[in-house]
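**Student:** I'd like to ask you about the structure that follows.
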Amino acid sequence: MSPTPESASAPLLRTTGLRKSFGSLEVLKGIDLAVPRGRVLVLIGPSGSGKTTVLRSLNALEVPDAGVIELEGEALDFAAPASKKERQRQRETLRDASGMVFQHYNLFPHRTVLQNVTEGPIVVQGRPRAEAEAEATSLLERVGLGDKRDVYPFQLSGGQQQRVGIVRALALKPKLLLFDEPTSALDPEIVGDVLTIMKQLAEEGWTMVVVTHELGFAREVADEVLFLDGGVIVERGAPQQLLRDPRQPRTRAFLDRLLRPLD
Amino acid sequence: MDWNLVISSLGPLWGGALLGTIPLSLASFALGLVLALLLALARMSSIVPLAALARLIISIVRGTPMLVQLFVIFYGLPSIGVVLPPWPSAIIALSINVGGYAAEVIRAAILSVPAGQWEAGYTVGMSRVTTLRRVILPQAARVSVPPLSNTFISLVKDTSLAATILVTELFREAQRIAAFSNEFMLIYIEAAAIYWIICLVLSTAQGRIEKRLDRYVAHA
Ligand SMILES: Nc1ncnc2c1ncn2[C@@H]1O[C@H](COP(=O)(O)OP(=O)(O)OP(=O)(O)O)[C@@H](O)[C@H]1O
Ligand SMILES: [Mg+2]
């Protein structure tokens, strides 16, 4: 199942001037980004730079203090004061459009693998159980977990849990997939499995925003890379340019540290 | 020992247990848990007056003797025109108590579920209420079984207080038989034994429920 290609002209998602503070700490200081349909945007940046907060704003786990998120041309304005009901509608719009893959998987421990995947389609989207289960099963088979559909998450390795996490997001058929450091809790030898699946998704035409420190993945899969530091986008560009030959000294320093952590 | 009395009293005592103590416990526990969940949610609410009210109710329930609460309801309320029969009075007092104690248990259990579980619920599109119902409460239930079992066992014993407001249950039957037979020691020990048996059964049930709810947890 791949998303239906539509007019590639307008971006699927665009943010303008996104701001977010926690108390007196301003974490996002005006984030402008755009994700065209079927493209992959990779966010990199040092710890605490606001990468997770950007992703969480995109699916309304955080409500920005200011700025606009435009989804398929519909503008959700977070600067203007809004009623509870209006905020609720903005939240639902964003959540319906996106699926999220977490660093620590956040699978439902009390549900089997299959139930984890079908929970959203059946309970939220109201799709028929048989149909949702058949689809979930074939997605699980695709990621090599066909034989695990009836076990509980604690019986899986980290890599397997994260594959379930990805399938759970895919099963919602979102327009946009969000990944927050999906491989950074995994053992090095299984990181590749998960990245391979993500690469296949990109090739199938899913629109993705990925926070990752895997520069190889960024280089191969990203259409655009953003370097975030201190809540601002310091530099953006095609992966070849930004990762090989960054213009900003801060980007260069960050990449040097990532490639040679012991120097 | 008067074996005839032991045997002839078994009927009425078990009758009191089966028709009084046990249904009174079950009804009060069921109602009490509903009240407890509402109080726990109110206590965690961001609406300040609601949270404060829940806190006040919990504090009063836990800070006053149940016998006094029973008397207020049964003997006190009539003076302001509210006359309640023994059974409803007992159920109200007992479930309020379960509510007060279990509210804190449930609140702690809900808070023990990692925030990531709420977020996972939201990202598959669930509302707060759906996430609570389908993601958080099932996980909270697992950790709250042991403390709630204790609450239930205390409740079973506390139902004996209902004897003071004329509810026919195990202890009131024991008082009645003891009074006309004059065998206080024998009858009260018999009553104690029956309470003990009920509580043993409950502990066994607790073990089974815990095991069932533990099926999705890794065991070291
Ligand atoms: N809920 C919160 N309350 C208070 N501060 C927060 C909260 N969430 C994030 N922060 C702060 O906001 C800043 C940015 O956090 P964020 O998680 O977005 O960074 P990040 O780039 O994802 O970092 P990392 O690479 O470590 O995951 C940090 O200083 C963090 O401590
Ligand atoms: Mg982060």
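The values are calculated or read from the model by the stated rules, or taken from the named source; none is laboratory data. What you see is a predicted model; the values in this text were computed from it and never measured. Glycine also receives a Cβ, built like all others from the backbone with ideal geometry; neighbour counts cover every protein chain displayed. Accessible surface areas use protein heavy atoms only, side chains included; no ligands, DNA or RNA. Shrake-Rupley method; radii C 1.70, N 1.55, O 1.52, S 1.80 Å.
**Student:** Restricting to the range B:195-220, give me the number of residues that are within 14 Å of chain A (Cβ to nearest Cβ) and hydroxyl-bearing (Ser, Thr, Tyr).
**Tutor:** Qualifying residue count, the range B:195-220: 1.
**Student:** Could you go through the range B:35-45 and let me know if any residue there is surrounded by fewer than 16 Cβ atoms within 10 Å (Cβ to Cβ), over 20 Å from residue B:155 (Cβ atoms), away from every other protein chain (no Cβ under 14 Å) and in contact (Cβ under 8 Å) with a residue 12 or more places away in the chain.
**Tutor:** Quick first cut of the range B:35-45, residues surrounded by fewer than 16 Cβ atoms within 10 Å (Cβ to Cβ) only: B:38, B:44-45.
Still in the running and over 20 Å from residue B:155 (Cβ atoms): B:44-45.
Applying the additional criterion that residues be away from every other protein chain (no Cβ under 14 Å) yields B:44-45.
From what's left, in contact (Cβ under 8 Å) with a residue 12 or more places away in the chain: B:44.
So far as the range B:35-45 goes, yes, one or more of its residues are surrounded by fewer than 16 Cβ atoms within 10 Å (Cβ to Cβ), over 20 Å from residue B:155 (Cβ atoms), away from every other protein chain (no Cβ under 14 Å) and in contact (Cβ under 8 Å) with a residue 12 or more places away in the chain.
**Student:** If I filter the range A:107-116 for residues that are within 30 Å of residue A:215 (Cα to Cα), open to solvent by less than 40 Å² (accessible area, probe 1.4 Å) and touching a residue at least 60 places away in the same chain (Cβ under 8 Å), do I get at least one hit?
**Tutor:** Within the range A:107-116 (the criterion being within 30 Å of residue A:215 (Cα to Cα), open to solvent by less than 40 Å² (accessible area, probe 1.4 Å) and touching a residue at least 60 places away in the same chain (Cβ under 8 Å)), the answer is yes, since at least one residue qualifies.
**Student:** Out of (1) within 13 Å of chain B (Cβ to nearest Cβ); (2) in a helix (DSSP H, G or I); (3) closer than 23 Å to residue A:261 by Cβ, the odd one out for residue A:179 is which?
**Tutor:** The number of the failed condition is (2).
**Student:** Could I ask something else about it? What number of residues within the range B:138-157 are open to solvent by less than 60 Å² (accessible area, probe 1.4 Å) and within 10 Å of chain A (Cβ to nearest Cβ)?
**Tutor:** Here the count works out to 3.
**Student:** Can you name every residue in the range A:140-156 that is open to solvent by 10 Å² or more (accessible area, probe 1.4 Å), outside any helix (DSSP H, G or I) and farther than 16 Å from residue A:202 by Cβ?
**Tutor:** A:144, A:149, A:150, A:151, A:152, A:156
Each row is one residue, and each column tells you yes or no for (1) hydrophobic (A, V, I, L, M, F, W, C); (2) in contact (Cβ under 8 Å) with a residue 60 or more places away in the chain; (3) surrounded by fewer than 24 Cβ atoms within 10 Å (Cβ to Cβ).
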{"position": "B:75", "(1), (2), (3)": "no, yes, yes"}
{"position": "B:78", "(1), (2), (3)": "no, no, yes"}
{"position": "B:85", "(1), (2), (3)": "no, no, yes"}
{"position": "B:90", "(1), (2), (3)": "yes, yes, no"}
{"position": "B:94", "(1), (2), (3)": "yes, yes, no"}
{"position": "B:103", "(1), (2), (3)": "yes, yes, no"}
{"position": "B:106", "(1), (2), (3)": "yes, yes, no"}
{"position": "B:110", "(1), (2), (3)": "yes, yes, yes"}
{"position": "B:113", "(1), (2), (3)": "yes, no, yes"}
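**Student:** Right, another one. Hey, does the range A:157-171 have a residue that's farther than 20 Å from residue A:41 by Cβ, open to solvent by 40 Å² or more (accessible area, probe 1.4 Å) and within 13 Å of chain B (Cβ to nearest Cβ)?
**Tutor:** yes
**Student:** Give the residues of the range B:1-10 that are open to solvent by 50 Å² or more (accessible area, probe 1.4 Å) and either modelled with pLDDT of 95 or more or assigned to a helix (DSSP H, G or I) (or both), sorted by residue number. Working first, answer last.
**Tutor:** If we filter the range B:1-10 for residues that are open to solvent by 50 Å² or more (accessible area, probe 1.4 Å), which is where we start, we get B:1-4, B:7-8, B:10.
Answer for the range B:1-10, where residues must be open to solvent by 50 Å² or more (accessible area, probe 1.4 Å) and either modelled with pLDDT of 95 or more or assigned to a helix (DSSP H, G or I) (or both): B:3, B:4, B:7, B:8, B:10.
**Student:** Collect the residues in the range A:103-121 that are at the interface with chain B (Cβ under 9 Å from one of its Cβ atoms) and among the β-branched types (Val, Ile, Thr), keeping them in residue-number order.
**Tutor:** A:112
**Student:** Can I ask one more? Name the pairs whose Cβ atoms lie under 8 Å apart, with the first residue in the range A:45-57 and aromatic (Phe, Trp, Tyr), the second within 8 Å of ligand 2 (Cβ to nearest atom), and 6 or more positions between them or separate chains?
**Tutor:** Pairs found: none.
**Student:** Any idea which residue in the range A:202-216 is nearest to residue A:47 (Cα to Cα), counting only those that are open to solvent by 10 Å² or more (accessible area, probe 1.4 Å) and more than 16 Å from ligand 1 (Cβ to nearest atom)?
**Tutor:** A:216
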